[in-house]
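Q: Starting off with a structure, shown below.
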Amino acid sequence: MAYRALKLRERLGASFAVGHVHTPRVDGYDADAERAMVAQIRNVVAAAVAAT
């Protein structure tokens, strides 16, 4: 997926940062793991927005 975002950025001639998030494999539903992943992703997005 990340390569597609990079390719699109290149094609558009854009200069903004592009990235992707790796999530761990979770066997079955784990509410605590889901909350932790969502919190971490929110923090990453908030940091990216604050840096722009």
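Q: What are the ³J(HN,Hα) values, in whole Hz, obtained from phi via the Karplus relation 6.51 cos²θ - 1.76 cosθ + 1.60 with θ = phi - 60°, for each residue of the range 16-29 in sequence order, with x given for Gly and Pro?
A: For the range 16-29, the Karplus-derived couplings read 6, 6, 10, x, 8, 10, 8, 10, x, 6, 10, 8, x, 8 Hz, x marking Gly and Pro.
Q: Quick one: 3J(HN,Hα) in Hz for the range 7-13, Karplus 6.51/-1.76/1.60 with θ = phi - 60°, rounded, Gly and Pro as x.
A: Residue by residue, the range 7-13 yields 5, 5, 4, 5, 4, 7, x Hz.
Q: Between Met1 and Ile41, what is the spin-label point distance in nm, taking each point 7 Å from the Cα along the Cα→C-beta axis?
A: 0.7 nm
Q: 222 nm [θ] for the chain, helices only, -39500 (n - 2.57) per DSSP H run of 4+, per residue, to 500?
A: Result for the chain: -19500 deg cm²/dmol, rounded to the nearest 500.
Q: Measure nothing fancy, just the Cα-based angle from helix 31-50's long axis to the longest principal axis of the chain, in degrees from 0 to 90, nearest 10.
A: Taking the Cα atoms of the chain, the angle to 31-50 is about 30 degrees.
Each value in this text was obtained by applying a stated rule to the coordinates, not by laboratory testing. What you see is a predicted model; the values in this text were computed from it and never measured. A quick note on method: Cβ atoms are made from the backbone with ideal geometry, for glycine too, and the neighbour counts reach across all protein chains shown.
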